[in-house]
Amino acid sequence: MKISTKGRYGLRALIDLGIHCEKGCVSLSDIAQRQDLSLNYLENIFSNLKRAELVIGIAGAQGGYVLAKSPENIALEEILSALEGDMSVYDTAGEQTELGDFLNRNVWDVIDAKVDNILKNTTLQDLLNSIQHKNASADCSKL
């Protein structure tokens, strides 16, 4: 499994949104500037996040995005699934051999279960807490 730029940038953008949403709506242009990301690419990412009901878009001059749920209720699995799709380390099609089945059960399924466990049990709030703890004396607006 390799997380694409869509998944990596999307996670960065949601963390940025989580850091700055206490002030209200956060514009994509502000996120793009702080994270040095393409605004057009962010619009595509946020379209997926909106469809997955992870963010809410608010139109208007003071508009932007807010989280649709509290950060402690947003698991990394939800975010990455919305942006990446299936998070399995292998393609279940093919390898219809005894050895292929053995590897699926004893290697690939084991890896998938461990990755799935981490993604389901790590929340956006966990990441925000880690950032706050690490940068307690730093200016979080530069993250």
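Brief remarks follow.
- The selection criterion, being among the basic types (K, R) and either farther than 27 Å from M1 by Cβ or in contact with a Lys or Arg (Cβ under 8 Å, 6 or more places away or on another chain) (or both), holds for K23.
- Tally, over the range 4-37, of residues that are in contact with a helix residue (DSSP H, G or I) (Cβ under 7 Å, 6 or more places away or on another chain), surrounded by 13 or more Cβ atoms within 10 Å (Cβ to Cβ) and farther than 16 Å from L49 by Cα: 4
- Each residue in the range 66-108 was checked for being among the charged types (D, E, K, R) and either surrounded by 16 or more Cβ atoms within 10 Å (Cβ to Cβ) or in contact (Cβ under 8 Å) with a residue 60 or more places away in the chain (or both), and 3 of them qualify.
- Residue pairs whose Cβ atoms lie under 9 Å apart, sitting 6 or more positions apart in sequence or on different chains, and linking a residue in the range 109-123 that is on the phi > 0 side of the Ramachandran plot to a partner that is in a helix (DSSP H, G or I), do not occur here.
Quick note: the coordinates plus some simple rules give every number you see, no bench work behind them. All values reported here derive from a predicted model rather than from experimental measurement. Note that we place each Cβ from the backbone using ideal geometry, even for glycine, and neighbour counts take in every protein chain shown.
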